[in-house]
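Notes for the one structure printed next.
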Amino acid sequence: MSAGITMIRRTGSSPKFRARMAGGFYLLTIVTAMFAISVLGRLVVDNDGSATATNILAHESLFRLGFAGFLIGTSCYIAVTALLYELLSPVNRSASLLAAFFSLVGCTLWIFGCVFYLAVLVVLGDSQYLRIFKAEQLQVMVLVFLELNGLAFSVGMILFGFYCLLIGYLIFKSKFLPRILGVLVALAGLGHLIGTFTNLLFPVFAPHLRPYINLPGVVGEVSLMLWLLVMGVNDARWKEQASAAGINSP
């Protein structure tokens, strides 16, 4: 019986198992984020506070689900960050720590941005103190809060772009993951950076570039998620590189 428990512990702490856990959390991140984006995209009408407020009030439960989707997705990505930090530390501990820092700060900004979704619900609520404002003023406030959420998300995406560049470099230098994955993830990071900076600095051109810039991100992140989930990492090569770096393997 003790031998069986030992085997379970070894399996549960193996690099391949942790890689598959990272892939699972990555999948949850993508699914919940896509759900939240699709839900909020249906309710929010650009530059139209009246229509946006009407949609949110008519589908408040759906709006709250979208808010929850972003929170769950971001929380799952924090788990991905922690697991990838452990997996990639044998390649370069300092670079892996720096990458984790970029990701965690970006996730913090995304969570902070979600507070503005709650602010929208407060503004559209039936509190007595809000009656001093006209309906048009409240609708403008809704757009302002949604714009602030978008800015927080954009700054977070800049940090996420640097994270992907570092993760791509670490994967490329690793001996336990395919180098092509590193290239794809680095290109995803470059796409995120170009797309976000274009959206912030040259918003007129952003819609025309978005389909081409988003493609590397989708390919790189989905490829990494699927590889981690299905294949994991090469345990023997991970332990070899960890031993060379002076890291105790499980």
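Considering only lysines 8 or more places apart in sequence, or on different chains, count the pairs in the chain whose C-alpha atoms sit under 25 Å apart.
On the way: 16/173; 16/175; 16/239; 173/239; 175/239.
Count of close lysine pairs: 5.
Ranked from the most accessible area to the least, with a 1.4 Å probe and all protein chains present, what is the order of 59, 208?
208, 59
Just to verify a number: FRET efficiency for residue 204 and residue 34, C-beta to C-beta distance, R0 = 30 Å, to 0.05?
Working from the Cβ atoms, E equals 0.65.
Hey, any idea what % of region 33-166's accessible area is carbon plus sulfur with a 1.4 Å probe?
68
Relative contact order of region 38-97, please, whole-number percent, based on alpha carbon pairs below 8 angstrom and at least 6 residues apart. Walk me through the intermediate numbers first.
On the way: 22 pairs, mean separation 13.0, N = 60.
Computed value for region 38-97: 22 percent relative contact order.
What is the distance, in nm, between label points placed 7 Å from the Cα along the Cα-to-Cβ direction at residue 140 and at residue 230?
About 5.3 nm, to one decimal.
At a 1.4 Å probe, what is the % contribution of carbon and sulfur to the accessible area of region 174-250? Mind dumping the intermediate values first?
On the way: 3030 of 4450 Å².
On region 174-250, the fraction of accessible area on carbon and sulfur atoms equals 68 percent.
Measure nothing fancy, just the Cα-based angle from helix 206-230's long axis to the longest principal axis of the chain, in degrees from 0 to 90, nearest 10.
Long axis of 206-230 versus the principal axis of the chain: about 40 degrees.
Pick the calculated volume of the Cα convex hull per residue in Å³ for this structure from [x] 407; [y] 146; [z] 175?
Derived directly from the coordinates: [y].
If you take the beta carbon distance between residue 57 and residue 108 as r and set R0 to 35 Å, what does 1/(1 + (r/R0)^6) give as a FRET efficiency, to the nearest 0.05?
Efficiency, from the Cβ-Cβ distance: 0.70.
Please list, by residue number, every one of the chymotrypsin sites (Phe, Trp or Tyr not before Pro) in region 144-250 that is coil in DSSP and has at most 13 other beta-carbon atoms within 10 Å.
Hits after loop and neighbour filter: 205.
Distance in nm between label sites at residue 132 and residue 245, each 7 Å beyond Cα in the beta-carbon direction?
5.7
Rolling a 1.4 angstrom probe over the protein heavy atoms, how many square angstrom per residue are accessible across region 1-143? Write out the running numbers ahead of the final one.
Values: 7860 Å² over 143 residues.
Per residue, region 1-143 has an accessible area of 55 Å².
The values are calculated or read from the model by the stated rules, or taken from the named source; none is laboratory data. None of these values were measured; they are calculated from a predicted model. Glycine gets a Cβ as well: all are built from the backbone with ideal geometry, and neighbour counts include every protein chain shown. Each accessible area value is taken on the protein alone, full model and side chains, heavy atoms only, with ligands, DNA and RNA left out. Shrake-Rupley method; radii C 1.70, N 1.55, O 1.52, S 1.80 Å.
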